[in-house]
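Everything below concerns the one structure shown next.
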Amino acid sequence: MRKKVVCLVGLALFLTGCTPLNDRQDESEQKKESLLEVFDQAVDEAKKDSSEAKEKTKESTTASSSSTAETVESSAPATAVPTEPTIDKNSYPFGVSMMDITATGVFSKTGMNIPQTIMLSFVTESSGTVALVSNGGRTEYYTAQYKLIPTTAIRVFSAGSNDVRTVNVNTEIVIDYLAGSHGGYDAGNFYVFTNSSGTLSLATPNYAGNVMATESDVMLEYLP
């Protein structure tokens, strides 16, 4: 099942990467839509794979526990589906909306030993998915939660120059490993902020490593 997931995303990346250079800008939106379609299919496959792996644990639940759970569930009020949180710009001046993140969807970066493409999608603030795709076909999937946090300063290697700069963030993406081909990258959450060009930047852990101790906190910057 996981090989199928990897092949789906890998094939999409290969096909969308074959566009002549002078046509790539005109077809960037088409490429993004194609990637997101495959991403949605792949995430569904990954979730199904993960659910099947947990089925035996669910089946081992005793009749007594099931009865208790049903009683609690029947007496509890229906839970409302979370909606887009309102960003108070006084409290979160650097906040990025969940819908803006989902609308952007695909972030990219070129480099060795790092994911080349990161795809994000949210249904609600507590129900999101992330896919990290590398050139060699490695694909890892994570669940994601959208959070607004107090203003925090982070350092990033700038996408265009690798210069280190400090940015303020209020938006954190908390990720948790779901499924994939290699067991996940090193743990670490993401941050999203609006850069000086007016587009979104995604800050991730430095998956490549190989930095001085004084730069161990510096994150990678991915752009749409």
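Table for the structure above
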| item | result |
| --- | --- |
| Cα-projected label distance for I149 with V174, points at 7 Å along beta-carbon direction, nm | 1.0 nm |
| Cut-off under 5 Å, modelled amide H: who pairs with Q116 long-range | V133, S134, N135 |
| Value of D in µm² per second that Stokes-Einstein yields for segment 142-224, Kirkwood Rh from Cα pairs, at 20 °C (1.002 mPa s) | 158 µm²/s |
| Relative contact order %, segment 98-222, counting alpha carbon pairs below 8 Å whose residues are six or more apart | 21 percent |
| 5 angstrom amide H check on L178, placed H, neighbours 5+ away | Y141, Y142, T143 |
| Residues with amide H under 5 Å from that of V164, placed H, sequence gap 5 or more | S158 |
| Rounded to 5, the percent of DSSP beta bridges in segment 98-222 classed as antiparallel | 95 percent |
| Segment N162-D217, length gained on full extension (0.36 nm per residue, minus Cα span) | 18.4 nm |
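Just so you know, all these numbers are worked out from the coordinates, no wet-lab data involved. Worth saying up front: this structure is predicted, and the values here are computed from it rather than measured. Don't worry about glycine lacking a Cβ; one is built from the backbone with ideal geometry, like all the others, and counts go over all protein chains shown.
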